[in-house]
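Colleague: First the structure, which I've put down as structure tokens, then a few questions once you've had a look.
The values are calculated or read from the model by the stated rules, or taken from the named source; none is laboratory data. What you see is a predicted model, and the numbers here were worked out from it, not measured in a lab. Please note: Cβ atoms are built from the backbone with ideal geometry, for glycine as well, and neighbour counts cover all protein chains shown. Heavy atoms of the whole protein, side chains included, go into the accessibility calculation; ligands, DNA and RNA do not. Shrake-Rupley method; radii C 1.70, N 1.55, O 1.52, S 1.80 Å.
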Amino acid sequence: MKDTICSLIADSKRIWAENAEEAVDHYFCFRREFVLESLPENSAAAVAADTEWALWINGNRVPATQYPCYPDKKYYTVIPDVKKYLCAGFNVI
């Protein structure tokens, strides 16, 4: 499992806002559009946030969450299978 997670992170594309680290008491919505020629055999998502978050794929809320991190120990949530939320063609996260 550790090798899979490391591979997932190495191949990932970060969605972020410039200068967001200085924002206080703000909520951010991130969106990424992409096209899949066909559905992958396996698909996973990894999300890291300082506070609460929600993941939506193609208008469907993915049932996952993360408890707030400790300042000295950051972690992330892996949703091992998001294939059912994806489709061949245009997708939005």
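Colleague: What is the residue count in region 20-35 for residues that are at pLDDT 90 or above and either charged (D, E, K, R) or exposed (fewer than 10 other Cβ atoms within 10 Å of the Cβ) (or both)?
Modeller: Here the count works out to 2.
Colleague: So which pairs qualify, if the first residue must be in region 50-63 and more than 13 Å from ARG32 (Cα to Cα) and without any contact (Cβ under 8 Å) to a residue 12 or more places away in the chain, the second must be open to solvent by 70 Å² or more (accessible area, probe 1.4 Å) and assigned to a strand (DSSP E or B), the Cβ gap must be under 9 Å, and the two must be at least 6 apart or on different chains?
Modeller: ALA54/ARG61
Colleague: Would you mind telling me which numbered condition in (1) polar (S, T, N, Q); (2) surrounded by 10 or more Cβ atoms within 10 Å (Cβ to Cβ); (3) modelled with pLDDT of 70 or more THR51 fails?
Modeller: Here THR51 clears every test but (2).
Rundown of residues vs (1) surrounded by fewer than 10 Cβ atoms within 10 Å (Cβ to Cβ); (2) modelled with pLDDT of 75 or more; (3) aromatic (Phe, Trp, Tyr), yes/no style:
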| residue | (1), (2), (3) |
| --- | --- |
| THR4 | no, no, no |
| LYS13 | yes, no, no |
| GLU37 | yes, yes, no |
| ASP72 | yes, no, no |
| TYR76 | no, yes, yes |
| VAL92 | no, yes, no |
